[in-house]
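> Structure provided below as structure tokens; questions to follow.
The values are calculated or read from the model by the stated rules, or taken from the named source; none is laboratory data. Treat the numbers as computed from the prediction; the structure is a model and nothing was measured. Note that each Cβ is placed from the backbone with ideal geometry, even for glycine, and that neighbours are counted across all protein chains shown. Keep in mind that these areas ignore ligands, DNA and RNA; they rest on the heavy atoms of the full protein, side chains included. Shrake-Rupley method; radii C 1.70, N 1.55, O 1.52, S 1.80 Å.
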Amino acid sequence: MAEIAGDETPPLPSSSGAEESSLLSSPPSPTATSGDEPPPRTRKPGTKRLVLTASVLLSFLVGLPLLLKSTEIHRSPLPSDAIADLSRRLQSHPPSFPCGLHAVFLRSGPGSPVASLADQLERAISTQHHLLPASSTAGNISVSVTVQSDGGCTSSAAAASPWRCGLVSAADSFHDDEVFDELLHSALGGGDGDGMKVYTIVIAEDDDGKGTRVVIGKHRHAWVVGKVDEAEAVSLISKVFIKYFMNGGIEEGETGIGKGEFMPVGSDGNVVLSFSLLNADPNDWVYDWEFKNIGERILTPVVEALRPVADINIESQVLYHTPKSSYSYSDDKLGGNVLSMGDIPFFVNSNEWHLDTSISATGRSKVLQFVVYIPSARECPLYLQLPDGELSKTNAFISPMWGGVVIWNPPGCSLGSKKAHGTRRQMSSQELMETLEIFIGQLRQLFGLKPNYHAQGMDVATKFLVSEKGFAQWELDLLYRHHACSNLLSCVATLESLSSLVQSLPRMIVMDEIGRQVELSLEAASLAQRNATLGIGDSSAVSATRARALAEDAFFHPSIMSISYASVEHYFAIYMPFFAPVCLHVLLAAIKELKRYKVERAKYSAFLASQSQATTS
């Protein structure tokens, strides 16, 4: 028990232990403090811990710009000021095309015309310009007059037409209209040069007792044949120029070019004309066509004429088992089955008419469907009845922005026709050409023109010559002007939307290619405006189409469409949960170490001060 209680004398400590004991038991130094004050620091505090902590904090601070740089969104600068300037220019000065009106009076009497007569007629015609509709794209109209008789010809001071005096006389108007049209075309030097377009209206005096008539040619001219006085001639010239050459014959309240959106062209400027021959029931009969040889030959001039407006590709196909969706009823009086206008919206059978098989339609190209529908034996012949109860002469209809349909009844088709049990037949060349003529008329309607003209508002008989291109030259000028204006406005709207979108999304990627496309679009739009001020409609239409296509390409660029953009707040919300706790701990450790270093440094400074006082005392 004594051993457990520790009564034994403990062993003597070693020499080193004695030294430690003596140190511990030595009297306190003069610098020792009493109470709870911390002991003084006799050595200078080290900076290793402070440097290590500061280096960790510094590495975070240096890495922060690198992190921001690695997550930076590439944004090519967009010329927003140039876009806004283009928009202001189009709003304050809408595109307008200056043109010329040249009136030629062919008189058959002898003697020289009075020199002042041309100037008087010029002033009378110029006063009629207020009749131009507000939607007209015509700009400044320069009027000139030439008066020609057997004794010579005289022109007004502003005459700028290439009219060749003496080449055409009033007697030539007795020729066939087609011949006289080409004669006028040659007298005007072809009329296909660049620059402002000049429209010529010829007044040919003719007192044959047949009355007055007006003929609208295939080019940029028209002529009036008959005995008319000067006041009536001025009125007819103004009506023909304003109503047809400037407005396309569109009456007030009618739909057409300049009266709403008639732009069956893709935003990339491409159009695919898809022609389909539909055999409703091949068990009755099967028809084929020689579209490759005949159709494309007839449509090639049309494609070339519309090239400034659209790049057109043509395709064709033959489909089978394609019944219609609407119902028709039998009418013995009409000798066939009748389809009313109210059933037309349900005629196209989208479920069984597999028309969208185009291989040329890419990107944002527009596909216009032109369908020849061959009814089955039990519904043949099939007629289209107009709202007034009459049957349609063409047996066809159009669907705006979609295409057109021609109901073609095979030869010998009648009520109660017997089935031919799938006999293969072929449309004749004449039948195919007649069908294509209807399609060309439908294409004219889809582009905003009339399929044919009537002399509404004209007090005399009016005839229109048909061009083999499907479009007269004055009609093409009208198309070029309106499509140039429409494409310019669409281009500006797209560019403004893109600029607003980029400004509203700071985290949106804007590739260099997008910026380049926007710049090229602005250049093309400016070129279209310059061509418009010069009256060059075809070049302006080409540049405006390119400007719109580039603007659409920039807006629908894959780099824009493929990413969902978030706000800056969302960006910080992603990275803060990871970086905030780490950075906070490093920052707090650095602050704590700095405070500790200051306290130790203060202790050491106090020790040095006390040592200095002890030495002096």
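> Under 19 Å Cα to Cα from LYS598, which lysines show up? Leave out anything in the same chain fewer than 8 places away.
Straight-line reach from LYS598, under 19 Å: LYS44, LYS48.
> In addition: What does the charge count around PHE556 come to, taking other residues whose C-beta lies under 12 Å from its C-beta (Lys +1, Arg +1, Asp -1, Glu -1)? Show your work: numbers first, answer last.
On the way: positive: ARG364; negative: ASP268, GLU552, ASP553.
Neighbourhood net charge equals -2.
> To continue, here is another question. What's the ranking of 311-318, 62-69 by average number of surrounding C-beta atoms within 10 Å, highest first? Working shown, then result.
Working: 311-318: 17.0, 62-69: 10.1.
Ranked by mean Cβ neighbours within 10 Å, highest first: 311-318, 62-69.
> Still on this structure, I have one more. Please list the non-local residues whose amide H lies under 5 Å from the amide H of GLU352, H modeled 1.01 Å from N, same-chain partners needing a gap of 5 or more.
Amide H neighbours of GLU352: none.
> Tally Lys and Arg at +1 and Asp and Glu at -1 over the other residues with C-beta under 11 Å from the C-beta of PHE471: what net charge comes out? Provide the component values of the computation, followed by the final result.
Details: positive: LYS218, ARG444, LYS469; negative: GLU304, GLU468, GLU475, ASP477.
Around PHE471, the surrounding residues sum to -1.
> Sorting check: for 298-307, 213-222, 85-94, which peptide has the highest mean count of neighbouring beta carbons within 10 Å, and how do the rest follow? Mind showing how you got there, number by number?
Values: 298-307: 17.1, 213-222: 22.9, 85-94: 13.8.
The most tightly packed comes first, giving 213-222, 298-307, 85-94.
> Could I ask something else about it? How big is the charge dipole of the stretch 286-398 about its Cα centre, in debye rounded to the nearest 20, if each Lys and Arg gets +1 on its Cβ and each Asp and Glu gets -1 on its Cβ? Please report the intermediate quantities before stating the final value.
Working: 9 positive and 14 negative charges, 44 e Å.
It comes to approximately 220 debye.
> Over the stretch 321-391, average the accessible area per residue using a 1.4 Å probe and give it in Å², no decimals. Intermediate values should be presented prior to the final figure.
On the way: 3760 Å² over 71 residues.
That works out to 53 Å² per residue.
> Can you give the FRET efficiency for SER500 and GLN120, using 1/(1 + (r/R0)^6), R0 = 60 Å, r = Cβ-Cβ distance, to the nearest 0.05? It would help to have the intermediate numbers written out before the result.
Numbers: r = 55 Å, r/R0 = 0.92.
Between SER500 and GLN120 the formula returns 0.60.
> Now for a different question. Using 1/(1 + (r/R0)^6) with R0 = 30 angstrom and r between the beta carbons of HIS585 and GLU72, what's the FRET efficiency to the nearest 0.05?
The value I calculate is 0.65.
> Something else now. Would you mind putting 401-409, 287-295 in packing order, based on average other-beta-carbon counts within 10 Å, highest first? Present the calculation step by step, with values, prior to reporting the outcome.
Working: 401-409: 20.4, 287-295: 16.0.
Ranking the peptides 401-409, 287-295 by packing returns 401-409, 287-295.
> What net charge is computed for the residues neighbouring TRP289, neighbours being all others with C-beta under 15 Å from the C-beta of TRP289, Lys and Arg scored +1, Asp and Glu -1? Numbers along the way, then the final one.
Numbers: positive: LYS292, ARG297, ARG424, ARG425; negative: ASP288, GLU290, GLU296, GLU315, GLU431, GLU434, GLU437.
That sum, taken over residues with Cβ under 15 Å, equals -3.
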